[in-house]
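Everything on this sheet refers to the single structure shown next.
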Amino acid sequence: MGVLEVKQLTKRFKDFEAVKKVSFSVQKGESFGLLGPNGAGKTTTIQMITGLFPPSSGSIEIAGIDMVRQPKRGQGLLGIVPQEIALYQTMSARENLSFWGRMYGLSGDHLQKRINDVLEIIGLADRAKEKVETFSGGMKRRVNIGAAILHNPELLIMDEPTVGIDPQSRSHILETVKKLNGEGMTVIYTSHYMEEVEYLCEKIGIMDQGEFIASGTISQLRETIGDRSRIVMNFSGAVELERIKSILTSEISEKDLLMNHNELAIFHKEPQKILSELIQSVTGAGFEIASVEIVEPNLESVFLHLTGRSLRD
Amino acid sequence: MGFWWLALKDALLMGRDRKALLTLVFMPILLIGILGAAFGNMMGEEEVASIEKFQVGIVNLDEGELGNALAEEVFMKGLPELISAEAMTQKELEDRLKQQKLSVGIILPRDFSDHIIMGGESEVKVISIPSASIQSSIVENVVLQFTQSAAVNVIAMEAAGPSEMIKAIPAMSQFTDADINIVEEAAVERDQKPVGSFQYYAAGMGVMFLLMTVITGVSAMIDEKEQDVYNRLLVTKLTDFHYLIGKFIGLLFMSSIQFLIIIIGTRYLYDVRWGESMTGVILLGFSFVFSVCGLGVLLGTLVKTEKTFNAAGMLATQIMAAVGGSMVPLYIFPDWVNTVVKVLPNALALQTFLELMSGANLWQVLIEAGILVAIGLGSLLIAFVSLSAKRRAYYA
Ligand SMILES: Nc1ncnc2c1ncn2[C@@H]1O[C@H](COP(=O)(O)OP(=O)(O)O)[C@@H](O)[C@H]1O
Ligand SMILES: [Mg+2]
């Protein structure tokens, strides 16, 4: 049985549906990625799973516990890293960890030991006595994570834990999560950064406008675009992409040609083979190409192919 | 148990908030001291020396009456033992501060009175030399207290109409003008000890400050609800019930400390006699604190945003304090009014403190203490029911 079973999860805010019939399950020891652009409904989904508020309809089970009916029973099993930094700014890192550990029922020597362990894990042992308000964004994020893993949760749920921080802190966090997962902790990780999810997660659900538009392992998801690469062309000057598109439809089928802002994306199995031909047709028609790039099959391509938009939009 | 740690955390956060701490510990003693000074020779010279006297320069640009009231009645006449105040021009003030001849200076703006009367914040500048941060905090707090009381009085005046004006003098100057003899007369009955005006105001101010402390705690509670930590707290193992109990204990802890400081401070600094029965005083004090903390937690549960709360809360406190007898002696109201206001915990507590001061013993205040505790428990219960009803409706 899965650690987490989500079925037909729906959330309506007044007349706006933020999450629409989302279903997925996460097995013990797995790392599950929730990938989607801002506003896709990731946080809302996470908040329902953690029992912050109930869904409008649908069911959530964590280790067999009904989170809609008995959220308090399940919450002890969860480690939750909220999207925002949820710490007491005027308390030190150690004091914060100590407080949150106690909110999960830890105490005494065991708590002290866990605090020391966690300070090592998040790399802040030497700054433990300093107030959180004096920390950099990256350090705050690390304490934010530390507060969620003190009690060795069955399931660690992280909502965009790397937003707005320096690359060094970011890679430290990614490695930490990878390690925790390697040691057997089940992880749910939401992000709008494709690279993070590709690096960390075995299974991925792609969300857009409240819906799961695809899910599966990375290779399964690549299959949905036929494992094809993507040729990305940029043009100098203002151009009518519609016209370029019509020029190319003789060579490429229309559904594999996508426009996004000033870019043209062309999906193809063997991009090297057709590249020179494509460039010739486009320049021949009088357009000036500013850059061409070939992108290996990735989740960005999957998202683009499914929605016609890029993840960062 | 999680709730203990929640309470401890709240106390810790309040302890680190310098402004809150000052209001909590120092202001009550100071204000009662101001009153004492205003009432004349109630304090021996030596005792006063423990709070060091300092110099304040006042630049009063105000075109209305209230600036004068603050400068002359409060700063110059009201606190002779603590502050020596002097009026001067802005230029003089700057020079003297530069030469370190003054510790603190304040500048009252042209529209100081207008702002208080019309509502809105007036910008009073408090300038101090670096070594005088405590002194400048004291001055800031005095100004704050004055503007709040004055604002309340202005509202009261408007509500009462022009004929009531004379009665509603701004609270601060009314402390200094109040007539000591009448207070004594009013409290004296046969077989009872007279309650001096200093005693009266020690109890009155003490009760008012406890209300204000609870309001400060409650706005911290509401403020926390708007922060990200609150959502995190909700998804830990902490239950709704433990959350409320934790909040309650935190409030109770802080206000009990303040209560003890007020009792001990006034007893030893100003020789205030709270009554024969110390057990009675402690019991009544804790019952009062218990009731307002319960009410506070209830408020904190029901109110959604801090913005609306803070202004309304402070106003309500001042009004409660005013009708409860903390500002104007209760004797000026008819008896039936004094009976009616006993529905307010602060009025009930103040009147019972006065009974203790005039010789009542523990047994004679048990009923009042019981009522206060019941108010506290009742409020907690309502808070819990409403919180879990909200949850249930949510999860239905
Ligand atoms: N409390 C709320 N009331 C109304 N709309 C909301 C509320 N919370 C989120 N939304 C809306 O739901 C959508 C999904 O938001 P969210 O779950 O935060 O997305 P994500 O985390 O993927 O960026 C957004 O359009 C957001 O504006
Ligand atoms: Mg989000």
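Worth a mention:
- Tensor-based shape of region B:250-334 (alpha-carbon gyration tensor, a/c under 1.5 rounded, otherwise prolate or oblate): oblate
- Close amide H contacts of A:SER56 (hydrogens built in the peptide plane, cut-off under 5 Å, sequence separation of 5 or more or a different chain): A:THR10, A:LYS11, A:ARG12.
- Between 0 and 90°, nearest 10: helix A:93-103 axis offset from chain A longest Cα axis: 80 degrees
- Our coupling estimate for region A:6-18, obtained by passing each phi through the Karplus curve with A = 6.51, B = -1.76, C = 1.60 and θ = phi - 60°, is 10, 10, 6, 6, 9, 9, 10, 9, 6, 9, 9, 8, 7 Hz, Gly and Pro reported as x.
- Spacing of the two label points (7 Å from each Cα toward its C-beta) at A:GLU263 and A:LYS178, in nm: 2.4 nm
- Computed extension length for A:ARG69-A:ARG312: 83.9 nm, one decimal, from 0.36 nm per residue of separation with the Cα-Cα distance subtracted.
- Distance from region A:270-313 to region A:25-47 (C-alpha centre basis), Å: 29 Å
- Global form of region A:66-163, assessed from the alpha-carbon gyration tensor, a/c cut-off 1.5: oblate
- Links that overshoot a 26 Å alpha carbon limit, given the list B:LYS9/B:LYS304; B:LYS77/B:LYS125; A:LYS131/B:LYS304; A:LYS11/A:LYS203: A:LYS131/B:LYS304
- Listed values for region A:108-124 are Karplus-derived 3J(HN,Hα) couplings in whole Hz (6.51 cos²θ - 1.76 cosθ + 1.60, θ = phi - 60°), namely x, 4, 4, 4, 4, 5, 5, 4, 5, 4, 5, 4, 5, 4, 8, x, 10, and x replaces Gly and Pro.
- Full extension of the chain between A:SER246 and A:TYR199 yields a length gain of 13.2 nm, computed as 0.36 nm times the residue separation minus the alpha carbon distance.
- For A:TYR189, distant residues with modelled amide H under 5 Å away: A:PHE32, A:GLY33, A:LEU34, A:MET158
- Amide H contacts of B:GLN55 (H built 1.01 Å from N, under 5 Å, at least 5 apart or other chain): B:SER84, B:SER103, B:VAL104
- Derived value for region A:2-222: Kirkwood hydrodynamic radius 17.6 Å. Basis is the mean of 1/r over every pair of different alpha-carbon atoms.
- Rounded to the nearest Hz, the phi-derived 3J(HN,Hα) couplings of region B:372-378 under the Karplus curve 6.51 cos²θ - 1.76 cosθ + 1.60 (θ = phi - 60°) are 4, 4, 4, 4, x, 5, x, where x marks glycine and proline.
- Taking a ≥ b ≥ c as the square roots of the eigenvalues of the alpha carbon gyration tensor, the protein assembly as shown is prolate, as a/c is not under 1.5 and a/b beats b/c.
Only the coordinates and a few stated rules stand behind these numbers; no lab work does. Small disclaimer: the values here were computed from a predicted structure and weren't measured. Every residue, glycine as well, gets a Cβ built from its backbone with ideal geometry; the counts of neighbours run over all protein chains shown.
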